[in-house]
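The values are calculated or read from the model by the stated rules, or taken from the named source; none is laboratory data. Predicted model only: the values in this text are computed from it and were never measured. Neighbour counts run over all protein chains shown; Cβ positions are idealised from the backbone, glycine included.
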Amino acid sequence: MTTNTLKRDLKSWCLLFFLGFIWGFSFLAVSISLESFSPIQVAAWRIIIGAFVVLVFCLAIGEGLPKFNSVGRSIWPYCAGMALLSNVIPFCLLSWALLHVTSSFAGITMTMVPLAVLPLAHIFGKGDYMTPRKVIGFLIGFAGVLFLFEPSEILNFSFYESTILAKMLCLLATLCYATGSIITRRSPQTVSSLSFSAGALLLAALIIAPISFIFSDLATVITFRSLMGVLFLGFLPTGIATIILVYLVKNSGPSFMSLVNYQVPIWAVLFGVFFNQETLPAGAFLALVLILFGLFFSQYNKNKSGVL
């Protein structure tokens with residue numbers, strides 16, 4: 001679809017706003033879910049419910065899953081990569097990390113995903129090279145990451161400290177998401193994006209379900225609040241959000257979709273502060289400003305006077 005035929009109407013803006021809203025709330029929802037569920041259970045139920053939503057939608061519109069014929073088989077390894085790096089691993093990492101850090105902190109770290117994509121796309125992408133502007137933007141954003149850690153934590157760095165380890169796992173989750181994005185870009189364009197996403201979520205569910213069953217306590221007392229948190233995570237930020245994402249990229253373009261990166265951390269901080277009484281050090285706000293500015297600087301195109 002060419003730039004002239006991209007739709008950036010009121011519907012697209014509303015969907016973009018809604019996507020940022022539910023993704024921003026997802027970090028608080030994980031924290032709430034952890035009141036009754038273990039980290040791996042939160043990740044598992046989120047993926048299983050999300051896979052069900054996307055698969056049912058695909059079948060309802062006649063898309064279905066990628067075939068297992070000679071053409072379709074080339075897609076499934078990429079689906080597996082996306083399943084692991086965009087779903088199973090980062091969901092588990094974030095769920096565990098949120099036992100020790102605030103939901104607003106985790107939301108701020110997710111702004112590093114599009115910045116982490118820049119060097120990965122330069123190495124593994126197709127012609128998407130690091131320009132001087134992208135390098136400067138990346139360095140500004142990386143400087144912001146340093147402010148996410150307290151000065152005392154940097155001076156007394158230890159992987160045995162649960163808070164520091166949790167913060168490192170949040171950053172590792174962003175690297176997983178960024179790598180999953182590169183895998184998606186490099187996948188053969190032989191099926192629709194929705195079919196590809198459904199296949200990835202299905203594989204993710206098949207991977208994490210038995211792991212969760214083996215390593216989780218089934219006798220957990222489940223509260224209504226935590227149950228609602230898990231259901232929300234599965235249906236909205238994982239299932240419905242995947243469908244909206246595919247629609248926006250197809251109809252409005254990836255550059256329009258990238259605007260959601262500016263929304264998510266702001267919503268995450270607002271929800272964490274107002275609904276969970278979370279407090280953030282001044283360094284975290286400075287980190288958010290630096291990371292968002294680095295992201296904006298790296299994606300800004302003078303010739304088009306806008307974000308790439």
Here the residues within region 5-22 that are assigned to a helix (DSSP H, G or I) and closer than 25 Å to Met110 by Cβ are Ser12, Trp13, Cys14, Leu15, Leu16, Phe17, Phe18, Leu19, Gly20, Phe21, Ile22
Kindly indicate whether any position in region 51-71 is assigned to a helix (DSSP H, G or I), within 30 Å of Val273 (Cβ to Cβ), in contact with a helix residue (DSSP H, G or I) (Cβ under 6 Å, 6 or more places away or on another chain) and at pLDDT 95 or above. yes
For this session: Test Ala44 against the stated conditions and say whether it is at negative phi, touching a helix residue (DSSP H, G or I) at 6+ places or on another chain (Cβ under 6 Å) and buried (at least 20 other Cβ atoms within 10 Å of the Cβ).
Result: yes
Here the residues within region 31-56 that are more than 21 Å from the chain's Cα centre (by Cα) and under 16 Å from Thr238 (Cβ atoms) are Val56
Checked against (1) touching a helix residue (DSSP H, G or I) at 6+ places or on another chain (Cβ under 6 Å); (2) part of a helix (DSSP H, G or I); (3) charged (D, E, K, R), Arg133 satisfies every condition except (1)
Take the conditions modelled with pLDDT under 95, farther than 20 Å from Thr223 by Cα and either buried (at least 19 other Cβ atoms within 10 Å of the Cβ) or not charged (D, E, K, R) (or both) and apply them to Pro77. Does it pass?
yes
(message) Could you go through region 32-44 and let me know if any residue there is in contact (Cβ under 8 Å) with a residue 60 or more places away in the chain, out of contact with any His (no Cβ under 9 Å at 6 or more places or on another chain) and closer than 20 Å to Ile244 by Cα.
(response) no
Within region 251-301, the residues that are out of contact with any helix residue (DSSP H, G or I) (no Cβ under 9 Å at 6 or more places or on another chain) and either modelled with pLDDT of 85 or more or of a type in the set (Lys, Arg) (or both) are Phe274, Gln277
Quick check: is even one residue across region 97-117 over 15 Å from the mean Cα position of the chain (by Cα), surrounded by 15 or more Cβ atoms within 10 Å (Cβ to Cβ) and not in a loop (DSSP other than H, G, I, E, B)?
no
Residue hits (region 16-41; among the aliphatic types (A, V, I, L, M), buried (at least 21 other Cβ atoms within 10 Å of the Cβ) and under 15 Å from Trp96 (Cβ atoms)) are Val30
In region 275-296, anything free of Cβ contacts under 8 Å to residues at least 24 places away in the same chain and outside any loop (DSSP other than H, G, I, E, B) is listed as Ala282, Phe285
Across region 177-227, the tally of residues that are without any contact (Cβ under 8 Å) to a residue 24 or more places away in the chain and either in a helix (DSSP H, G or I) or among the aromatic types (Phe, Trp, Tyr) (or both) stands at 5
Here the qualifying pairs (Cβ atoms under 6 Å; residues six or more apart or on different chains; first in region 248-268 and closer than 16 Å to Ser193 by Cβ; second at pLDDT below 90 and crowded, with 19+ Cβ neighbours inside 10 Å) come out as Leu248/Met257; Val249/Met257
